[in-house]
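S.K.: The structure under discussion is supplied below as structure tokens; questions concerning it will follow.
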Amino acid sequence: MNESDRQARRRWITFGEIVALAALIVSGFGVWIAWKSSSEDKATRVVEQRQPIPLALRGMPNNSGSEITILPVDPGHALQSATVTIKGAPPIDLGSDGKLRASDVQAALKDRPKEEKERTYSVPVRISAHYVEMGTDRRGGGSYVLRYRWEGGGLFGGRSLRLVGLSR
């Protein structure tokens with residue numbers, strides 16, 4: 001090998017080292033940027049948060065109409081207590097079972113004029129409820145319409161109120 005071939009070979013080795021060094025610097029700079037951006041990020045919440053759902057109630061009368069069970073429509077709501085208010089009457093407190101008795105409604109409606117039997121009537125009511133949703137105590141309620149009818153009467157029997165349904 002002559003002297004000029006050795007110098008050319010040294011030049012190529014030096015040029016290769018420069019390329020490797022430049023690649024190392026660029027890689028290091030990329031790692032630094034990735035580390036800096038990841039340390040600034042806030043912790044990511046993995047669990048999706050559910051938005052609270054407003055309370056909606058429904059009423060299911062029993063077969064005889066002697067009581068109506070008031071329950072939340074959403075199965076994620078657990079009723080703790082409820083109060084039914086009919087205008088001009090004292091509030092009727094319900095327990096966590098949500099059972100409203102026809103006798104309580106009849107007592108609340110005693111000052112109303114006498115109504116015909118075998119016809120369905122309705123009265124506006126206000127329901128205030130205390131319930132649990134996603135482990136949090138909440139309050140809600142709204143205005144509803146309670147439907148009822150009168151049965152019985154006759155010569156010796158008294159009239160009795162029968163609950164038909166509850167709607168918005």
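S.K.: Does THR85 meet the test of being more than 21 Å from the chain's Cα centre (by Cα), of a type in the set (Ser, Thr, Tyr), under 30 Å from GLU151 (Cα atoms) and modelled with pLDDT of 85 or more?
M.R.: yes
So that you can scan it fast, the table gives a plain yes or no per residue for (1) at positive phi; (2) surrounded by 11 or more Cβ atoms within 10 Å (Cβ to Cβ); (3) under 23 Å from the mean Cα position of the chain (by Cα):
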site	(1), (2), (3)
ARG101	no, yes, no
GLU118	yes, no, no
TYR131	no, yes, yes
ARG162	no, yes, no
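S.K.: Right, next: Do we have ASP137 as closer than 26 Å to PRO75 by Cα and either in contact with a helix residue (DSSP H, G or I) (Cβ under 8 Å, 6 or more places away or on another chain) or open to solvent by 60 Å² or more (accessible area, probe 1.4 Å) (or both) here?
M.R.: The answer is yes for ASP137.
The values are calculated or read from the model by the stated rules, or taken from the named source; none is laboratory data. Computed from a predicted structure; not experimentally measured. Backbone-built Cβ (ideal geometry, glycine too); neighbour counts: all protein chains shown. SASA here: full protein model, heavy atoms, side chains in, ligands and nucleic acids out. Shrake-Rupley method; radii C 1.70, N 1.55, O 1.52, S 1.80 Å.
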